[in-house]
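The values are calculated or read from the model by the stated rules, or taken from the named source; none is laboratory data. Nothing here was measured: the structure is a model prediction, and the numbers come from that model. Ideal geometry is used to build each Cβ from the backbone, glycine not excepted, and the neighbour counts take in all protein chains shown.
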Amino acid sequence: MHGWARAKILALVLLTVGLSSPAMAVEKDLTDKGRVLVQNNCSRCHATGTEGDSPNPEAPPFRTLSSKYPVEDLAESLAEGIVSGHPEMPIFVFGPTDVEAIIDYLQSIQEKPNRAEGAPEATPGEQPDE
């Protein structure tokens, strides 16, 4: 292979990698930003990671939120101000980029639902016996 042909192939590979990496980096940066935001603002009461108990027993661990409702549904509350039924929780209002980062992070830590004890495993594409 001629030197110029190798150079073209190398340039094409580097261009392809360069175009895909920033998107992945932005996504990781967004998730990291969300992690920092919830750790700084919420960890006083909530477990904000993939394990551990919440410091406040009344505050749900963030990794379990999707068992109650879709995490995306929190976006509006985060943007307009989360108001809780208990007086200890402060009101938080976040900007659009911060809301996106928080939602991204929360989605990344959600526990996967456990299948029912003794329930047969479903084969991909099949429905389990009922």
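List of remarks:
- Region 23-40 - residue that is at pLDDT 95 or above and among the charged types (D, E, K, R) and, of those, nearest to Leu106 (Cα to Cα): Arg35
- When region 91-130 is limited to residues that are among the hydroxyl-bearing types (Ser, Thr, Tyr) and more than 16 Å from Asn40 (Cβ to Cβ), the one that is modelled with the highest pLDDT turns out to be Ser108.
- Selection count where residues are β-branched (Val, Ile, Thr) and not in a helix (DSSP H, G or I), scope region 95-116: 0
- For region 66-94, a tally of residues being exposed (fewer than 12 other Cβ atoms within 10 Å of the Cβ), within 17 Å of the chain's Cα centre (by Cα) and part of a loop (DSSP other than H, G, I, E, B) returns 3.
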